[in-house]
2 protein chains.
Amino acid sequence: MKKSRKSTLTDLAKAMGMNVSTVSRALNDHPKISSKTKAKVKALAEKMDYKPNPLAQGLKKQDTKTIGVIFPTFDTNFFFRVLKGIEKVMHDKGYQIIISTAGNSSIHEKEACQALSSYHVGGIIIFLSYDHDDPSFLIDIQDEGIPLLFMDRIYEEIDANYVVSDDFKGMFETVSDFIDKGCKNIVHIKGSEEVSTSFSRLQGYQEALREKGIEVNPDFIIKCEHESEVKSGLRKLLSKYSIEDIDLITCFNDYYAFQALELLKEKNISVPDDVSLLGFANDPLSTYTSPKLSTINQPAEHMGVQASYLLLDEIDKNRKGENYQYQTSMVNTFYLKRESTK
Amino acid sequence: MKKSRKSTLTDLAKAMGMNVSTVSRALNDHPKISSKTKAKVKALAEKMDYKPNPLAQGLKKQDTKTIGVIFPTFDTNFFFRVLKGIEKVMHDKGYQIIISTAGNSSIHEKEACQALSSYHVGGIIIFLSYDHDDPSFLIDIQDEGIPLLFMDRIYEEIDANYVVSDDFKGMFETVSDFIDKGCKNIVHIKGSEEVSTSFSRLQGYQEALREKGIEVNPDFIIKCEHESEVKSGLRKLLSKYSIEDIDLITCFNDYYAFQALELLKEKNISVPDDVSLLGFANDPLSTYTSPKLSTINQPAEHMGVQASYLLLDEIDKNRKGENYQYQTSMVNTFYLKRESTK
DNA sequence: CTGTTAGCGCATTCAC
DNA sequence: GTGAATGCGCTAACAG
C-alpha cells in the first residue's frame with residue numbers, strides 16, 4: 001500500500017515560497033490579501049488538489065461541521081425518511097452526519113449521546129425513546145455548548161428546540177370530519193403507552209368524540225403494545241360487536257392498520273364497504289396494500305428539513321455569540337384519502 | 001448558555017500535579033505506568049468526566065474510529081436495512097458512522113468520497129451508483145491509506161473488498177425450478193441498464209431458459225428504466241399475447257412486481273391462479289401486498305454485517321502493518337415463496 | 001516509571 | 001499586505 005499523503009497548507013506554502021499563514025488567508029478570502037496572491041494560491045490549491053483537513057480546522061475552531069442524529073432503531077421507515085430530509089439540508093451546508101441508534105436501553109441511549117458529544121459534533125438531533133429518571137446528562141451536553149434538538153416529543157424540563165408533528169390535531173380534525181359525515185361508532189386501536197405519540201393520537205380521537213357529544217365506549221379503545229397484538233384485540237372486539245356496529249377503525253399507525261386490514265379480510269369484511277379503516281403516518285407501505293390505506297400524513301422528510309434549519313440556526317447564533325430563542329416547530333398532519341375509507 | 005468546557009488532558013494533569021503525557025499514558029494503559037498511578041488517574045478522569053477529544057486524536061494518529069457509508073439515495077428500503085447491519089457491528093466495535101449520499105451526479109459522488117476521506121475516516125463502505133470515466137480518485141483514496149469496500153457491484157479495475165449478493169444464482173435457480181415444475185412461458189421485466197444488478201438478474205433468467213432448452217422470446221423481456229414504466233410495458237405485452245400464454249412473470253425488483261400486480265388486478269387477472277408473479281429483494285413491501293409477493297431474498301442486513309467485518313479486518317491488518325488479502329464476499333439469495341406464485 | 005519536547009494541520013494574534 | 005509565532009488536545013520519540 002502506497003501511502004501518498006494529502007497536500008497540506010505547508011506544502012502549498014513551500015511550493016509558492018510564501019508563508020503558511022498567507023496561504024491560509026488567501027484561501028479564506030481574508031480582506032487584506034491582494035487579489036493577485038489569492039488567485040495564484042487558489043490556482044495552485046486546485047492544481048495540487050488541496051483540501052483543508054477538517055480535523056485540524058475543527059480542533060482549531062472548536063467546530064467540526066458535523067452533526068449527530070440519534071434514532072431509536074432502524075426498524076421503521078419513518079426514520080429513514082426523516083434522515084433524508086436532514087441529509088438534504090446538512091450536506092448542502094457542508095455538514096457531515098453521524099448517526100447512532102439508542103440501542104435497546106436508556107443506558108445505550110445515554111452513551112450514544114455522550115459519544116456524539118465527545119466527538120464535538122456541532123449539534124445533535126435526537127429522537128429520545130426512553131424515559132430517563134435523570135436527564136441531566138442532556139443538560140450537561142447543552143452546557144458544553146452542543147445544541148440539542150428533540151424530535152417528536154417534548155420534555156418540559158429541557159429548554160431546547162423541538163420539532164414535533166401535530167398528531168393530536170391531525171387525528172382530531174380527521175375524526176371530527178368523519179363524525180360530521182355521519183360516522184358514529186368509531187374504534188381506536190391505540191399504541192404503546194411508552195410512546196408519547198401514541199397518547200396524542202388517542203387524545204385527538206377522544207377529544208373529537210367528546211366535542212361532538214359522542215360518548216366514548218371503552219370497548220372501542222383497543223390497546224396494543226405492539227402491532228402483533230392488533231389481530232387478537234380486534235378479534236375480541238368482533239366477538240362482542242357486529243361489524244354493523246362499527247363505522248370506522250382508526251389506528252395508532254399504518255402498521256397497526258395493516259394488521260387490522262388482514263384480520264378484516266380473514267373475516268370477509270370488506271374495506272371500506274363494511275367498515276372504513278384509517279392508518280397514521282403515511283408510511284410508504286400504505287400505498288402497497290389493497291385497498292390502499294387512507295392515512296394521516298406525517299411529513300417525515302419535512303420534519304428532518306425543519307429540524308436541520310432550526311439546529312443550524314442555533315449553531316450559527318451560538319457561534320456569533322448572539323443569544324438564541326428556542327423554538328418548538330409543530331408540523332402539520334392531515335388526512336390523506338386513499339381507498340380504505342369512504 | 002453556560003459554556004462549561006470539557007475537561008482536557010491538561011486539566012487532569014494540572015489537577016493531579018503530573019505531566020500531560022503521564023496522564024495520557026495512564027489512560028491508555030501504557031505498560032510502563034504503575035498501576036497505582038493508573039488507578040488514580042482513571043478515577044479522576046471519571047470524576048471530571050473526561051472524554052478524549054477525537055479530533056485531536058485523529059489529527060495525531062491519522063485515524064479516527066469512524067467509517068463512512070455512501071448510499072446512492074435514501075429512497076429504497078434496501079439501503080436502510082443494510083445500514084442497520086452496519087450499525088450493529090460498527091457501534092459494537094466503537095466506531096461512529098458518517099453517512100452520505102451520492103446526490104444525483106457522479107460529481108457529487110466523487111465529492112462525497114473525498115469529503116469522507118478528508119475526515120480521515122477509517123474506511124468507506126460505498127454503493128457506487130454512477131459510472132466514472134476516471135475512477136482514479138477512488139484509487140487515490142486507497143493510496144491515502146483509507147480502505148474502500150464496494151457493495152453490490154464489482155469493478156475489475158479496482159482492487160478492494162467487495163460484498164455482493166449473488167443475484168444471478170438466485171434468479172437462475174428459481175427460474176430453473178419453475179421450469180422443472182412445468183412453467184415454460186416466462187416473462188422478465190428488466191431494470192435499468194445503468195444498474196449492474198439489473199444485468200445479473202436478467203442473466204440468471206436467460207441462462208435458466210437456455211440451459212433448459214427454452215428459446216428466449218424477445219417479446220418476453222420487457223425493459224423498464226423505472227418502475228413507472230412497468231404498467232405500460234406489460235400492457236403492450238398483453239395486447240399481443242393472452243394471459244394463457246404466460247406462466248410466470250419475473251421482475252427486476254419488488255417495486256416493479258408491485259406495479260405489475262396492480263396492472264394485473266386492473267385487468268382482472270388473478271395472481272397466482274392465472275399467472276405467477278415473482279419479485280426480487282424481499283423488500284418489506286412484499287409482505288404488505290395482497291397476494292403477498294413471492295420474491296428472491298436479498299439479505300440486506302447481512303450484507304451490511306458482512307461488509308463491516310471485512311472492512312474492520314482490513315483496517316486492523318493495515319494498522320498492524322500485516323499485509324491483507326482482499327476478498328469478495330458473495331452472499332446468497334434464495335427463493336422465498338409467499339402467495340403470488342404457485 | 002515519569003517528564004520534556006515536538007508536531008499532526010490549521011487559524012490567528014502580533015509584528016513589520 | 002505578508003511573515004513569524006502560538007496553540008487547539010493529543011500522542012510518541014527521546015531523555016533520564
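The values are calculated or read from the model by the stated rules, or taken from the named source; none is laboratory data. Since the model is a prediction, treat every value here as computed from it, not as a measurement. Using ideal geometry, Cβ is built from the backbone for each residue, glycine included, and neighbour counts are taken over all protein chains shown. With ligands, DNA and RNA removed, areas are computed over all heavy atoms of the protein, side chains included. Shrake-Rupley method; radii C 1.70, N 1.55, O 1.52, S 1.80 Å.
Counting the residues of the range A:57-67 that are open to solvent by less than 60 Å² (accessible area, probe 1.4 Å) and not aliphatic (A, V, I, L, M) gives 4. For the range B:22-48, filtered to residues that are within 12 Å of DNA strand D (Cβ to nearest atom) and within 14 Å of chain A (Cβ to nearest Cβ), the residue that is farthest from residue B:11 (Cα to Cα) is B:27.
Considering B:293, B:285, B:311, the condition of being under 22 Å from the mean Cα position of the chain (by Cα), open to solvent by less than 20 Å² (accessible area, probe 1.4 Å) and either under 25 Å from residue B:261 (Cβ atoms) or not aliphatic (A, V, I, L, M) (or both) is satisfied by B:285 alone. The residues of the range B:114-123 that are more than 9 Å from chain A (Cβ to nearest Cβ) and touching a residue at least 60 places away in the same chain (Cβ under 8 Å), listed by number, are B:122, B:123. Residues being in a strand (DSSP E or B) and within 15 Å of residue B:303 (Cβ to Cβ) are represented in the range B:123-146 by at least one member.
I'm trying to understand the selection: among the residues of the range B:52-110, which are of a type in the set (Val, Ile, Thr) and without any contact (Cβ under 8 Å) to a residue 24 or more places away in the chain? Even if it seems obvious, please write down each step before you answer.
Initial filter on the range B:52-110 (of a type in the set (Val, Ile, Thr)): B:64, B:66-67, B:69-70, B:73, B:76, B:82, B:86, B:89, B:97-99, B:101, B:107.
Result: B:107, single match.
Residues considered: B:97, B:141, B:124, B:70. Of these, the only one that is under 17 Å from residue A:49 (Cα atoms) and open to solvent by less than 30 Å² (accessible area, probe 1.4 Å) is B:141.
When we screen A:111, A:157 for residues that are open to solvent by 50 Å² or more (accessible area, probe 1.4 Å) and within 13 Å of chain B (Cβ to nearest Cβ), the only hit is A:111. Within the range A:49-73, the residues that satisfy the criterion of being facing chain B (nearest Cβ under 8 Å) and aliphatic (A, V, I, L, M) are A:55, A:56, A:59. Screening residue B:270 against (1) within 14 Å of another protein chain (Cβ to nearest Cβ); (2) crowded, with 20+ Cβ neighbours inside 10 Å leaves a single unmet condition, (2). Listed conditions (1) under 30 Å from residue B:314 (Cα atoms); (2) touching a residue at least 12 places away in the same chain (Cβ under 8 Å) are all met by residue B:133, apart from (2). Residues of the range A:97-118 that are under 17 Å from the mean Cα position of the chain (by Cα) and either within 17 Å of residue B:98 (Cα to Cα) or outside the structural domain of residue A:137 (by TED's automatic domain parsing) (or both): A:97, A:98, A:99, A:100, A:101, A:102, A:112, A:113. Going by the structure shown, is residue A:192 part of a loop (DSSP other than H, G, I, E, B) and open to solvent by less than 50 Å² (accessible area, probe 1.4 Å)? Taking the combined requirement at face value, the residue satisfies it.
From B:197, B:174, which residue is open to solvent by 10 Å² or more (accessible area, probe 1.4 Å) and in the same structural domain as residue B:233 (by TED's automatic domain parsing)?
Checking each option against the conditions leaves just B:197.
The residues of the range A:73-90 that are open to solvent by 10 Å² or more (accessible area, probe 1.4 Å), within 19 Å of residue A:310 (Cα to Cα) and in contact with a strand residue (DSSP E or B) (Cβ under 7 Å, 6 or more places away or on another chain), listed by number, are A:79, A:87. Considering the range B:38-56, the residues that are surrounded by fewer than 16 Cβ atoms within 10 Å (Cβ to Cβ) and out of contact with any Leu (no Cβ under 9 Å at 6 or more places or on another chain) include one that is nearest to residue A:114 (Cα to Cα), namely B:49. Of all residues in the range A:74-94, those that are within 7 Å of chain B (Cβ to nearest Cβ), charged (D, E, K, R) and not in a helix (DSSP H, G or I) total 0.
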